[in-house]
1. Checking L18 against (1) at pLDDT below 95; (2) among the hydrophobic types (A, V, I, L, M, F, W, C); (3) under 15 Å from I155 (Cα atoms), which test does it fail?
2. Hey, among D35, D118, which residue is under 29 Å from the mean Cα position of the chain (by Cα), buried (at least 16 other Cβ atoms within 10 Å of the Cβ), more than 30 Å from P150 (Cβ to Cβ) and acidic (D, E)?
3. With A94, A55, A77, A112 as the choices, which residue is within 25 Å of the chain's Cα centre (by Cα) and farther than 16 Å from R139 by Cα?
4. Kindly indicate the residue of segment 38-52 that is surrounded by fewer than 12 Cβ atoms within 10 Å (Cβ to Cβ), outside any loop (DSSP other than H, G, I, E, B) and free of Cβ contacts under 8 Å to residues at least 60 places away in the same chain and also farthest from the chain's Cα centre (by Cα) among those meeting that condition.
5. Answer yes if at least one residue in segment 74-89 is modelled with pLDDT of 90 or more and surrounded by fewer than 13 Cβ atoms within 10 Å (Cβ to Cβ), and no otherwise.
6. Looking at A63, A55, which is the one that is under 30 Å from R162 (Cα atoms), touching a Leu at 6+ places or on another chain (Cβ under 9 Å) and surrounded by fewer than 15 Cβ atoms within 10 Å (Cβ to Cβ)?
7. Output the number of the condition that F134 fails; it satisfies all remaining conditions of (1) modelled with pLDDT under 90; (2) more than 30 Å from Y159 (Cβ to Cβ).
Amino acid sequence: MNERERIGFLELSLTRMLQWINAAEARIAVVLGLDTAMLGALAAFAPLLKTWMTATVIYAAVAVGCLVLSLIFIALATFPRMRRPEQSMVYFGAVAEFDPEQYLAAAKSLTAEQYIDDLARQCHRNAQIARAKFGHIRRGLFFLFVAIVPWALAILLLYQQRV
């Protein structure tokens, strides 16, 4: 594979990695919305504490605990803890650290091999970010799914207590 082919391959790979990150971000919004809606529904149906039945307390506590864990994992997915690269001509955060003249000089002196190295590092870094995001989202979804049955039972009991 020549330099041009390697650059094309790596640029396409980086684009795919960024698309995976965008797909993860879309899931974050859905899970966050469901978690907060379910917590809001529990709060909206909640009567005075002295009127709660034991079963309602248990179901609501399990649901709230799972939903809070889901929110924690979604928060972790939103802000994966990754070190940014020290120097890069591809990553916006590193590029922004240059003043305009430094960036221009660095761009003019950039070799194809340096660009290939930078792209490869960015592909690897974004793969790590995507993996971390999807791992946290998977755990957040797990706790969201676990919360569904106790949440539904708690809502049913809370609703019955109001009627």
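1. (3)
2. Step by step, each of D35, D118 is checked, and only D118 is under 29 Å from the mean Cα position of the chain (by Cα), buried (at least 16 other Cβ atoms within 10 Å of the Cβ), more than 30 Å from P150 (Cβ to Cβ) and acidic (D, E).
3. Just one listed residue meets the conditions, A94.
4. K50
5. no
6. Just a single option satisfies the conditions, and that option is A55.
7. (1)
The values are calculated or read from the model by the stated rules, or taken from the named source; none is laboratory data. Fair warning: this is a prediction, and the values are worked out from it, not measured in the lab. Using ideal geometry, Cβ is built from the backbone for each residue, glycine included, and neighbour counts are taken over all protein chains shown.
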